[in-house]
Amino acid sequence: MKRAIVIGASSGIGREVARLLIGEGWEVGVAARREAMLSDLGAAATACIDVTADDATQRLQQLIADLGGMDLFFYASGIGHQNRQLREEIELSTMQTNALGFTRMIGESYRYFAARQEQGGEESVDWAHIAAITSIAGTKGLGPAPAYSATKAMQNVYLQALEQQARQRGLRIRFTDIRPGFVDTALLAGDFRYPMMLRPESVARDIVNAINSHAHIRVIDWRYRILTAFWRRIPRFIWRRLRL
(Lines give C-alpha, C1' and ligand atoms only; values in the text may rest on other atoms or scores of the structure.)
Protein backbone atom coordinates (compact mmCIF):
# COMPACT_ATOMS: atom_id res chain seq x y z
CA MET A 1 0.00 0.00 0.00
CA LYS A 2 1.46 3.35 -1.08
CA ARG A 3 0.94 6.23 1.34
CA ALA A 4 0.62 9.89 0.41
CA ILE A 5 0.34 13.11 2.38
CA VAL A 6 -1.49 16.03 0.74
CA ILE A 7 -1.03 19.48 2.29
CA GLY A 8 -3.66 22.04 1.27
CA ALA A 9 -6.45 19.52 0.61
CA SER A 10 -9.43 21.54 1.82
CA SER A 11 -10.27 22.99 -1.60
CA GLY A 12 -9.13 23.53 -5.17
CA ILE A 13 -6.35 21.53 -6.75
CA GLY A 14 -5.14 19.93 -3.52
CA ARG A 15 -8.57 18.52 -2.79
CA GLU A 16 -8.93 17.14 -6.32
CA VAL A 17 -5.48 15.51 -6.23
CA ALA A 18 -6.26 13.88 -2.87
CA ARG A 19 -9.53 12.55 -4.27
CA LEU A 20 -7.79 11.09 -7.34
CA LEU A 21 -5.04 9.46 -5.29
CA ILE A 22 -7.63 7.85 -3.02
CA GLY A 23 -9.41 6.60 -6.15
CA GLU A 24 -6.16 5.06 -7.38
CA GLY A 25 -5.84 3.06 -4.18
CA TRP A 26 -3.39 5.23 -2.25
CA GLU A 27 -3.63 5.44 1.53
CA VAL A 28 -3.90 9.21 1.90
CA GLY A 29 -3.42 11.61 4.81
CA VAL A 30 -4.72 15.14 4.24
CA ALA A 31 -4.12 18.44 5.99
CA ALA A 32 -5.23 22.04 5.78
CA ARG A 33 -5.92 25.02 8.02
CA ARG A 34 -9.65 24.24 7.77
CA GLU A 35 -9.71 20.64 8.98
CA ALA A 36 -13.51 20.52 9.00
CA MET A 37 -13.48 20.71 5.20
CA LEU A 38 -11.50 17.46 4.98
CA SER A 39 -14.04 15.16 6.61
CA ASP A 40 -15.88 14.12 3.44
CA LEU A 41 -12.77 13.12 1.46
CA GLY A 42 -12.59 9.63 2.92
CA ALA A 43 -8.90 10.01 3.78
CA ALA A 44 -7.16 7.61 6.13
CA ALA A 45 -5.91 10.44 8.38
CA THR A 46 -6.54 14.17 8.70
CA ALA A 47 -4.80 17.05 10.45
CA CYS A 48 -5.11 20.79 10.97
CA ILE A 49 -1.86 22.31 9.72
CA ASP A 50 -1.13 25.98 9.19
CA VAL A 51 2.12 26.05 7.23
CA THR A 52 2.99 29.45 8.67
CA ALA A 53 2.78 28.24 12.29
CA ASP A 54 5.80 27.23 14.34
CA ASP A 55 4.25 23.83 15.14
CA ALA A 56 3.59 22.92 11.50
CA THR A 57 6.48 20.46 11.27
CA GLN A 58 5.42 18.68 14.47
CA ARG A 59 1.88 18.39 13.16
CA LEU A 60 3.20 16.97 9.88
CA GLN A 61 5.28 14.41 11.78
CA GLN A 62 2.17 13.36 13.71
CA LEU A 63 0.13 13.06 10.50
CA ILE A 64 2.82 10.83 8.98
CA ALA A 65 2.76 8.67 12.11
CA ASP A 66 -1.05 8.48 12.04
CA LEU A 67 -0.89 7.33 8.42
CA GLY A 68 1.80 4.77 9.19
CA GLY A 69 4.47 6.35 6.97
CA MET A 70 4.77 8.33 3.75
CA ASP A 71 5.93 7.56 0.21
CA LEU A 72 4.61 10.67 -1.59
CA PHE A 73 4.49 14.21 -0.23
CA PHE A 74 2.26 16.50 -2.25
CA TYR A 75 2.22 20.21 -1.41
CA ALA A 76 -0.60 22.43 -2.64
CA SER A 77 -0.71 25.27 -0.08
CA GLY A 78 -0.14 28.85 -1.18
CA ILE A 79 -1.60 32.32 -1.49
CA GLY A 80 -1.43 34.94 -4.20
CA HIS A 81 -2.68 38.46 -4.75
CA GLN A 82 -2.26 41.22 -7.26
CA ASN A 83 -0.52 44.08 -5.46
CA ARG A 84 -0.03 46.95 -7.86
CA GLN A 85 0.22 49.42 -4.95
CA LEU A 86 2.80 47.24 -3.17
CA ARG A 87 0.91 47.10 0.10
CA GLU A 88 3.26 45.85 2.79
CA GLU A 89 0.85 43.43 4.46
CA ILE A 90 0.17 41.63 1.17
CA GLU A 91 3.85 41.28 0.30
CA LEU A 92 4.83 40.02 3.74
CA SER A 93 1.95 37.56 4.13
CA THR A 94 2.76 36.15 0.69
CA MET A 95 6.38 35.70 1.71
CA GLN A 96 5.33 34.11 4.99
CA THR A 97 3.18 31.47 3.28
CA ASN A 98 4.87 30.87 -0.07
CA ALA A 99 8.48 31.16 1.03
CA LEU A 100 8.75 30.32 4.74
CA GLY A 101 5.78 27.93 4.83
CA PHE A 102 6.92 26.18 1.67
CA THR A 103 10.49 25.80 2.93
CA ARG A 104 9.27 24.55 6.32
CA MET A 105 7.06 21.81 4.91
CA ILE A 106 9.08 20.72 1.88
CA GLY A 107 12.17 20.65 4.06
CA GLU A 108 10.50 18.48 6.70
CA SER A 109 9.31 15.97 4.09
CA TYR A 110 12.84 15.83 2.64
CA ARG A 111 14.35 15.25 6.09
CA TYR A 112 11.82 12.48 6.77
CA PHE A 113 12.69 10.64 3.56
CA ALA A 114 16.44 11.18 4.05
CA ALA A 115 16.36 9.87 7.61
CA ARG A 116 14.30 6.83 6.61
CA GLN A 117 16.70 5.91 3.84
CA GLU A 118 19.91 6.63 5.73
CA GLN A 119 18.73 4.50 8.64
CA GLY A 120 18.38 1.62 6.21
CA GLY A 121 15.93 -1.24 6.37
CA GLU A 122 13.36 -2.60 3.96
CA GLU A 123 11.43 0.68 3.74
CA SER A 124 14.47 2.50 2.33
CA VAL A 125 14.55 0.42 -0.88
CA ASP A 126 11.68 2.14 -2.69
CA TRP A 127 11.88 5.63 -4.14
CA ALA A 128 10.21 8.47 -2.26
CA HIS A 129 8.56 11.37 -4.07
CA ILE A 130 8.12 15.08 -3.32
CA ALA A 131 5.73 16.98 -5.60
CA ALA A 132 4.67 20.59 -5.22
CA ILE A 133 2.49 23.11 -6.98
CA THR A 134 4.52 26.19 -7.85
CA SER A 135 3.40 28.33 -10.80
CA ILE A 136 4.25 29.68 -14.22
CA ALA A 137 4.50 33.02 -12.35
CA GLY A 138 8.05 32.07 -11.39
CA THR A 139 9.14 32.34 -15.02
CA LYS A 140 9.54 36.15 -14.92
CA GLY A 141 9.03 38.92 -12.39
CA LEU A 142 5.41 40.04 -12.72
CA GLY A 143 4.77 43.69 -11.85
CA PRO A 144 1.13 43.15 -10.78
CA ALA A 145 2.21 40.52 -8.21
CA PRO A 146 5.84 41.05 -7.11
CA ALA A 147 5.95 38.86 -4.00
CA TYR A 148 3.91 36.11 -5.64
CA SER A 149 6.13 35.79 -8.72
CA ALA A 150 9.29 36.08 -6.59
CA THR A 151 8.21 33.32 -4.20
CA LYS A 152 7.24 31.05 -7.08
CA ALA A 153 10.68 31.50 -8.64
CA MET A 154 12.18 30.69 -5.24
CA GLN A 155 10.10 27.50 -5.06
CA ASN A 156 11.30 26.42 -8.51
CA VAL A 157 14.94 26.91 -7.54
CA TYR A 158 14.51 25.30 -4.10
CA LEU A 159 13.13 22.09 -5.59
CA GLN A 160 15.93 22.06 -8.15
CA ALA A 161 18.52 22.48 -5.40
CA LEU A 162 17.04 19.68 -3.29
CA GLU A 163 16.96 17.41 -6.32
CA GLN A 164 20.68 18.00 -6.85
CA GLN A 165 21.46 17.55 -3.15
CA ALA A 166 19.47 14.31 -2.96
CA ARG A 167 21.41 12.90 -5.89
CA GLN A 168 24.74 13.87 -4.34
CA ARG A 169 23.74 12.22 -1.06
CA GLY A 170 22.64 9.07 -2.85
CA LEU A 171 19.02 9.48 -1.73
CA ARG A 172 16.24 7.88 -3.71
CA ILE A 173 13.91 10.89 -3.75
CA ARG A 174 12.11 12.05 -6.88
CA PHE A 175 10.89 15.62 -7.32
CA THR A 176 8.07 16.99 -9.45
CA ASP A 177 7.71 20.76 -9.87
CA ILE A 178 4.16 21.43 -11.07
CA ARG A 179 3.63 24.81 -12.73
CA PRO A 180 0.01 25.46 -13.65
CA GLY A 181 -1.26 28.51 -15.44
CA PHE A 182 -4.36 30.35 -14.18
CA VAL A 183 -6.69 27.91 -12.42
CA ASP A 184 -10.32 28.63 -11.55
CA THR A 185 -10.03 28.33 -7.76
CA ALA A 186 -10.61 30.61 -4.77
CA LEU A 187 -7.00 31.79 -5.12
CA LEU A 188 -7.97 33.78 -8.23
CA ALA A 189 -11.45 34.79 -7.13
CA GLY A 190 -12.27 38.47 -7.54
CA ASP A 191 -13.34 41.09 -10.01
CA PHE A 192 -10.49 40.54 -12.46
CA ARG A 193 -11.10 37.79 -15.01
CA TYR A 194 -7.92 35.94 -15.90
CA PRO A 195 -7.40 34.58 -19.43
CA MET A 196 -7.07 30.90 -20.34
CA MET A 197 -8.52 29.71 -17.03
CA LEU A 198 -8.08 26.01 -16.27
CA ARG A 199 -10.47 23.75 -14.38
CA PRO A 200 -9.04 22.29 -11.13
CA GLU A 201 -10.35 18.84 -12.05
CA SER A 202 -8.38 18.69 -15.31
CA VAL A 203 -5.30 20.20 -13.66
CA ALA A 204 -5.46 17.56 -10.91
CA ARG A 205 -5.60 14.76 -13.48
CA ASP A 206 -2.55 16.20 -15.22
CA ILE A 207 -0.75 16.43 -11.88
CA VAL A 208 -1.44 12.80 -10.97
CA ASN A 209 -0.23 11.75 -14.43
CA ALA A 210 2.95 13.77 -13.89
CA ILE A 211 3.50 12.08 -10.52
CA ASN A 212 2.89 8.61 -11.93
CA SER A 213 5.27 9.26 -14.84
CA HIS A 214 7.95 10.73 -12.52
CA ALA A 215 8.10 14.04 -14.42
CA HIS A 216 10.66 16.54 -13.13
CA ILE A 217 8.78 19.66 -14.29
CA ARG A 218 5.23 19.84 -15.61
CA VAL A 219 3.80 23.08 -16.98
CA ILE A 220 0.01 22.84 -17.26
CA ASP A 221 -1.35 23.00 -19.93
CA TRP A 222 0.05 23.04 -23.51
CA ARG A 223 -0.94 26.71 -23.99
CA TYR A 224 1.07 27.75 -20.96
CA ARG A 225 4.04 25.69 -22.13
CA ILE A 226 4.09 27.80 -25.29
CA LEU A 227 3.51 31.03 -23.34
CA THR A 228 6.31 30.46 -20.82
CA ALA A 229 8.73 29.41 -23.53
CA PHE A 230 8.01 32.76 -25.19
CA TRP A 231 8.33 34.67 -21.90
CA ARG A 232 11.80 33.27 -21.25
CA ARG A 233 13.02 34.69 -24.55
CA ILE A 234 11.83 38.25 -23.99
CA PRO A 235 14.81 40.54 -23.23
CA ARG A 236 14.71 42.46 -19.96
CA PHE A 237 14.62 45.84 -21.70
CA ILE A 238 11.38 44.77 -23.42
CA TRP A 239 9.90 42.91 -20.45
CA ARG A 240 10.06 45.90 -18.10
CA ARG A 241 8.07 47.96 -20.63
CA LEU A 242 5.22 45.47 -21.00
CA ARG A 243 1.87 46.46 -19.58
CA LEU A 244 0.49 43.50 -17.64
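Scanning region 145-168 for residues that are polar (S, T, N, Q) and closer than 27 Å to residue 240 by Cβ gives 149, 151, 155, 156, 160.
Of 161, 186, all but one fail to be modelled with pLDDT of 90 or more and open to solvent by 30 Å² or more (accessible area, probe 1.4 Å); the exception is 161. Of all residues in region 86-111, those that are more than 19 Å from residue 176 (Cβ to Cβ) have Cβ atoms under 8 Å from Cβ atoms of residues that are at pLDDT below 95 and open to solvent by 50 Å² or more (accessible area, probe 1.4 Å), 6 or more apart or on another chain, in 90/81; 94/81.
Residue 231 meets all of the listed conditions (1) open to solvent by less than 20 Å² (accessible area, probe 1.4 Å); (2) outside any loop (DSSP other than H, G, I, E, B) but one, namely (1).
Residues that are surrounded by 15 or more Cβ atoms within 10 Å (Cβ to Cβ) and assigned to a helix (DSSP H, G or I) within region 19-34 comprise 19, 20, 21, 22, listed in sequence order. Exactly one residue among 72, 38, 60 is touching a His at 6+ places or on another chain (Cβ under 9 Å) and touching a residue at least 12 places away in the same chain (Cβ under 8 Å), and that residue is 72.
Selection of region 84-118 for residues being among the hydroxyl-bearing types (Ser, Thr, Tyr) and closer than 27 Å to residue 164 by Cα yields 94, 97, 103, 109, 110, 112.
Can we say residue 69 is part of a loop (DSSP other than H, G, I, E, B), closer than 16 Å to residue 7 by Cα and over 18 Å from the mean Cα position of the chain (by Cα)? So residue 69 fits the description; yes. Do we find a residue being crowded, with 18+ Cβ neighbours inside 10 Å, hydroxyl-bearing (Ser, Thr, Tyr) and within 20 Å of the chain's Cα centre (by Cα) anywhere in region 112-123? Scanning region 112-123, I find at least one residue that is crowded, with 18+ Cβ neighbours inside 10 Å, hydroxyl-bearing (Ser, Thr, Tyr) and within 20 Å of the chain's Cα centre (by Cα), so the answer is yes. Checked against the criteria, residue 64 does not count as modelled with pLDDT of 95 or more, of a type in the set (Val, Ile, Thr), touching a strand residue (DSSP E or B) at 6+ places or on another chain (Cβ under 6 Å) and not in a loop (DSSP other than H, G, I, E, B).
Scanning region 35-52 for residues that are within 20 Å of the chain's Cα centre (by Cα), farther than 19 Å from residue 155 by Cβ and not charged (D, E, K, R) yields 37, 38, 41, 43, 45, 46, 47, 48. Just to be sure before I move on: is residue 132 over 19 Å from residue 203 (Cα atoms) and buried (at least 18 other Cβ atoms within 10 Å of the Cβ) in the structure I sent? No: the conditions fail for residue 132. Scanning region 57-80 for residues that are polar (S, T, N, Q) and closer than 15 Å to residue 135 by Cα yields one hit, 77.
The values are calculated or read from the model by the stated rules, or taken from the named source; none is laboratory data. Treat the numbers as computed from the prediction; the structure is a model and nothing was measured. Counting neighbours? That spans all protein chains shown, and the Cβs are built from the backbone with ideal geometry, glycine included. Areas reflect the complete protein model, heavy atoms only, side chains present, ligands, DNA and RNA absent. Shrake-Rupley method; radii C 1.70, N 1.55, O 1.52, S 1.80 Å.
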